[in-house]
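Notes follow the structure.
Here, each number is a calculation from the coordinates, and none is a lab measurement. On a predicted model such as this, the values are computed, not experimentally measured, just so you know. All Cβ positions, even for glycine, are placed from backbone atoms using ideal geometry, and neighbour counts span all protein chains on display.
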Amino acid sequence: MYSNILIPVVTEDGHDNKKALDAAQALASSDARFTLLHVMESIPSIVSSEIPSEVMTKAREGIAQSMGSLAETLPNAQVQLVSGHAGRTIVDFANQYGSDCIIVASHRPGFGDYFLGSTAARVVRFAQCSVHVVR
């Protein structure tokens, strides 16, 4: 059983995080801590300079609200919203905060990333803790 579980989540419409949350609960010890992590990909400065700051603020607030709703379904859950490259940031976060398990969802792969999605593949390759991939 795991005691410090990291669950990267996507808050876009149509993405179901339920399987990852269910897997986390099934693998958790009775006193486990859960961290829901959303990584906002960095937008190139040439593009971000054209986006009004209110748009970015509203997007962040919407993501935080969605994550708060997800966190309510898990006992002892906290929410983290960070910026960066998803695969690298998830691994770095897990290392920095001592996660002993990462539960990551993988989409149905295309030809370019045949076995796992690119983010899940990077997490599996570079994480120093256990990684469970759910589809």
Once label points are set 7 Å from the Cα along Cα→Cβ at both M40 and D22, what is their separation, rounded to one decimal in nm? 3.1
Expressed in nm to one decimal, what extension gain is obtained for the pair R135 and T73 from 0.36 nm per residue of sequence separation less their Cα-Cα distance? 20.4 nm
Once amide hydrogens are built 1.01 Å from N within the peptide plane, the residues lying 5 or more places from M40 or on another chain with amide H under 5 Å from its amide H are V82, S83, G84
Relative contact order in percent for the chain (Cα pairs under 8 Å, 6+ apart) equals 31
Using modelled amide H (1.01 Å from N, peptide plane; none on Pro or chain starts), what sits under 5 Å from the amide H of H132, excluding residues fewer than 5 places away? I102, I103, V104
Treat the count of other C-beta atoms within 10 Å as a stand-in for reagent exposure and order T57, T119 from fewest to most. T57, T119
Label-point gap, in nm, between E54 and S29 - each point 7 angstrom along Cα→Cβ: 4.9
Computed FRET value (nearest 0.05) for A64 with S3, which takes r as the C-beta separation and R₀ as 25 Å: 0.45
Let me test this: with uniform point scatterers at the alpha carbons of segment 2-134, what is the Debye-based log₁₀ I(q)/I(0) at q = 0.14, 0.23 1/Å? -0.64, -1.47
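About its Cα centre, what dipole magnitude does the chain give when the only charges are +1 on Lys and Arg Cβ and -1 on Asp and Glu Cβ, stated in debye to the nearest 20?
Dipole magnitude for the chain comes out near 360 debye.
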